[in-house]
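Student: This is the structure, below, for whatever I ask next.
Where a number appears in this text, it was derived from the coordinates with a stated rule and is not lab data. A quick note: this is a predicted structure, and the numbers were derived from the prediction, not measured. Counting neighbours? That spans all protein chains shown, and the Cβs are built from the backbone with ideal geometry, glycine included.
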């Protein structure tokens, strides 16, 4: 990467997107089906631990993605007038994902952790279901964003 700030911004941006979207893909399509064989209390404990660790990384991505994205737009492409429609679509999808994540973290995830600590396992399980629904939606948005990023400049 050398000393090219644009290359550093692109690399950080891509790494954050891969960590966040790849983590959701893994959680929904690999870990969730494997965890279904566990008893509810074990599943809740697993998800409380997994999400607690994963969300630390997502917060990093949520902070770095807009910073690196807007830095690239303004410093690399001359502002929003200098980018194609695909960048505007990516921006909309990205902010939607950030909003959904913030809602999950501040609402259902906090409630689930509290229920887990209080050993209210069935209640915690209901919050896990809510989290899963929003994560599936965010995964779909993230995959659409990746497709837009990869192919959008050719539209």
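Student: From zero outward in steps of 5 Å, how is the percent of C-alpha pairs of region 1-86 spread across the bins?
Tutor: 3, 13, 17, 17, 13, 11, 9, 7, 6, 3, 1
Student: When the chain is treated as a GNM, springs tying every alpha-carbon pair under 10 Å, which of 145, 38, 14 comes out with the largest mean-square fluctuation?
Tutor: Greatest mean-square fluctuation among the candidates belongs to 38.
Student: Sorting 135, 18, 44 on the 10 Å Cβ count, fewest up front, what's the list?
Tutor: 18, 135, 44
Student: Between region 115-155 and region 71-111, what's the alpha-carbon centroid distance in Å?
Tutor: Distance between centres, Cα-based: 16 Å.
Student: Determine, for 106, 16, the number of other Cβ atoms within 10 Å of each Cβ, and report the residues in order from fewest to most.
Tutor: 106, 16
Student: To the nearest 10 degrees, how steep is helix 5-26 against the longest Cα principal axis of the chain, on a 0 to 90 scale?
Tutor: Computed tilt is about 30 degrees.
Student: Once the principal axes of the Cα atoms of region 5-154 are found, what is the range along each, listed largest first in whole angstroms?
Tutor: The Cα atoms of region 5-154 stretch 54, 24, 22 Å along the principal axes, largest first.
Student: If one takes the longest principal axis of the Cα atoms in the chain, at what angle in degrees, from 0 to 90 and to the nearest 10, does the Cα axis of helix 121-151 lie?
Tutor: 20
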